1. Please verify whether segment 1-14 includes one or more residues that are surrounded by 15 or more Cβ atoms within 10 Å (Cβ to Cβ) and among the charged types (D, E, K, R).
2. Does segment 377-385 contain at least one residue that is touching a strand residue (DSSP E or B) at 6+ places or on another chain (Cβ under 8 Å), at pLDDT 95 or above, under 25 Å from VAL88 (Cα atoms) and acidic (Asp, Glu)?
3. Can you tell me which residue among GLU268, GLU292, GLU229, GLU248 is free of Cβ contacts under 8 Å to residues at least 60 places away in the same chain and among the acidic types (Asp, Glu)?
4. Under the condition of being more than 11 Å from the ligand (Cβ to nearest atom) and of a type outside the set (A, V, I, L, M), which residue from segment 233-250 is most open to solvent (accessible area, probe 1.4 Å)?
5. Of the residues GLY386, GLY351, only one is in a loop (DSSP other than H, G, I, E, B), more than 16 Å from the ligand (Cβ to nearest atom), open to solvent by less than 50 Å² (accessible area, probe 1.4 Å) and in contact with a helix residue (DSSP H, G or I) (Cβ under 6 Å, 6 or more places away or on another chain); which?
6. Go through the residues of segment 210-225 one by one and say whether even a single one is surrounded by fewer than 24 Cβ atoms within 10 Å (Cβ to Cβ), outside any strand (DSSP E or B) and polar (S, T, N, Q).
7. What number of residues within segment 82-112 are out of contact with any Cys (no Cβ under 7 Å at 6 or more places or on another chain), assigned to a helix (DSSP H, G or I) and among the small types (Gly, Ala, Ser)?
8. Please go through segment 313-337 and pick out each residue that is under 29 Å from VAL257 (Cβ atoms), open to solvent by 10 Å² or more (accessible area, probe 1.4 Å) and touching a residue at least 12 places away in the same chain (Cβ under 8 Å).
Amino acid sequence: MPQTYQNYINGRWTGPRSGAWLERENPAAGDITCSFPDSGPDDVADAVKAAADAYDSWRFVPAPRRAEVLFRAAEMMLARKEELSRDVTVEMGKVLKEARGDVQEGIDMTYYVAGEGRRMWGQTTPSELPNKFNMSVRQPHGIVAAITPWNFPVAIPCWKLMPALVTGNTAVFKPSPHSPMSAYNLVRILEEAGLPPGVLNLVFGGDKTGAALVEEPRVSMVSFTGSLEVGREIGAYCGRNNKRLHLEMGGKNAIIVLDDADIALAIEGAVWSAFGTSGQRCTAASRMIVQERVAPAFTDQLVSRARALRLGDGLEATTDVGPVVNQPALEKVQRYMDIGRDEGAAVACGGSRATGDGLDRGYFFQPTVFTDVRPRMRVAQEEIFGPVTDIITCSDLEQAVDINNGVQYGLTSAIYTRDISRAFKAMERISTGIVYINAGTIGAEVQLPFGGTRGTGNGHREAGQAALDSYSEWKSVYIDYSGRLQKAQIDRPDG
Ligand code: NAD
């Protein structure tokens, strides 16, 4: 039986004032998994009011106490990991092993941030004047709107909500309409972990609900992960209205394979990075930039590995690649097959919807490798977000780096080489936010900053200590205990 989920506002599970509901289907089988509110501006306003009311008390709860709630939530997520992971697979399609990784990333982030409750260091500096003390402390922004995509339905909300809450903000969470179950599971756990009413509120809904949340005047910060087009729109609004903003957007990530690389190792990384989560990771490698001498061997091996991948329901242990998220995603991938062919690229394997063998009711696309791709082609520039990768040949490291950097996105890059000098040169010259040496483009750990340059981001980072910078601002404090008026820059020994 499909579940019905409600919004969570001011500590109560409640139906939408809009009276409108949405449904989510399982992308592997087409059956309806749940229904949930299509929240309108009134629902959003209720949630924001609850967050505003709770802010004045939550911000003064000592950070170590705030962190204890998060620590308990991490313990509960760990205890329920299997159940949470299965829900991820059922609602967005990634295979169960990867869904467990998604949930584990959320758990890791929650433990990591809980530790920050007892650190959250500021700075102390010497003063230029006697009997004066200088320090800086973090302060929260206020109400954070967390707007998330479906492709990491547990990890990404944890990246946003946990640092937002530990630094003393309250939050309204608007998850993707394609991953409502995971959003419900996470909020339920935080409720059970003891988060006070109003500190975290959940409003389900689609794009209009997200827009209403961004435009709510009491929202002080928007933290958005999703597509470049939507991020730009949100960024323009926040710029005009002076709202704090954190954007994480698309990618066109590449793996560079030089002629001294361990090709077998590079193939393992390429298969995992291109086809994991059906190519729907923001970090997915959709371009292979391969030095000419090794390109034929690399291409043959990649194509044969892509052909051998077993498509199916992600809950089945034998499945390598699940479906794409929905019908529009399937149609978009299909469109790019024509775009690529029209530009002169060749489809070396895949190229169409996968059917038969129980796949007909789901949104399955064959793992696809484009060859004869030139760097400026649309298939080499635009985010397709499906199980599709390109092979682009290059003559040397310099050209490989130019091709790698020559896209509007800047999230991840990888290079395979056995030459330490070439690896370091590449690491210096590659302009993405994340670089992997002798590993695929995926596999970020929560203790380092995560985010992209150029069109992928706006300079902020998730995860690591950097996350605290996104969700708090600095307050500089000067304490003068001289008992007299002292003037910085003016009261000097040299007059
Ligand atoms: P999307 O941009 O369509 O939607 C993301 C979220 O924004 C959803 O919750 C959606 O309802 C909401 N939204 C849509 N229009 C809105 C508007 N006008 N105002 C406010 N909210 C709005 O993206 P998606 O399809 O859910 O996710 C896929 C995209 O996310 C890809 O481009 C992928 O690369 C990107 N992504 C990036 C990262 C990263 O860290 N850089 C991580 C994961 C996904």
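The values are calculated or read from the model by the stated rules, or taken from the named source; none is laboratory data. Since the structure is predicted, the reported quantities are computational estimates derived from the model, not experimental observations. Don't worry about glycine lacking a Cβ; one is built from the backbone with ideal geometry, like all the others, and counts go over all protein chains shown. Accessible surface is based on the protein model in full, side chains and every heavy atom, while ligands, DNA and RNA are left aside. Shrake-Rupley method; radii C 1.70, N 1.55, O 1.52, S 1.80 Å.
1. Checked against the condition, which is being surrounded by 15 or more Cβ atoms within 10 Å (Cβ to Cβ) and among the charged types (D, E, K, R), segment 1-14 yields no hits at all.
2. Yes; the residues of segment 377-385 include at least one that is touching a strand residue (DSSP E or B) at 6+ places or on another chain (Cβ under 8 Å), at pLDDT 95 or above, under 25 Å from VAL88 (Cα atoms) and acidic (Asp, Glu).
3. Values: GLU268 fails: free of Cβ contacts under 8 Å to residues at least 60 places away in the same chain; GLU292 fails: free of Cβ contacts under 8 Å to residues at least 60 places away in the same chain; GLU248 fails: free of Cβ contacts under 8 Å to residues at least 60 places away in the same chain.
Criteria check complete, one pass: GLU229.
4. ARG240
5. Numbers: GLY386 fails: more than 16 Å from the ligand (Cβ to nearest atom).
Sole residue among the options that is in a loop (DSSP other than H, G, I, E, B), more than 16 Å from the ligand (Cβ to nearest atom), open to solvent by less than 50 Å² (accessible area, probe 1.4 Å) and in contact with a helix residue (DSSP H, G or I) (Cβ under 6 Å, 6 or more places away or on another chain): GLY351.
6. yes
7. Step one: of segment 82-112, the residues out of contact with any Cys (no Cβ under 7 Å at 6 or more places or on another chain) are 82-105, 107-108, 111-112.
Those left that are additionally assigned to a helix (DSSP H, G or I): 82-92, 96-105, 107-108, 111-112.
Subset that is among the small types (Gly, Ala, Ser): 85, 99, 101.
Of the residues in segment 82-112, 3 are out of contact with any Cys (no Cβ under 7 Å at 6 or more places or on another chain), assigned to a helix (DSSP H, G or I) and among the small types (Gly, Ala, Ser).
8. THR319, ASP320, ALA329, LYS332, GLN334, TYR336
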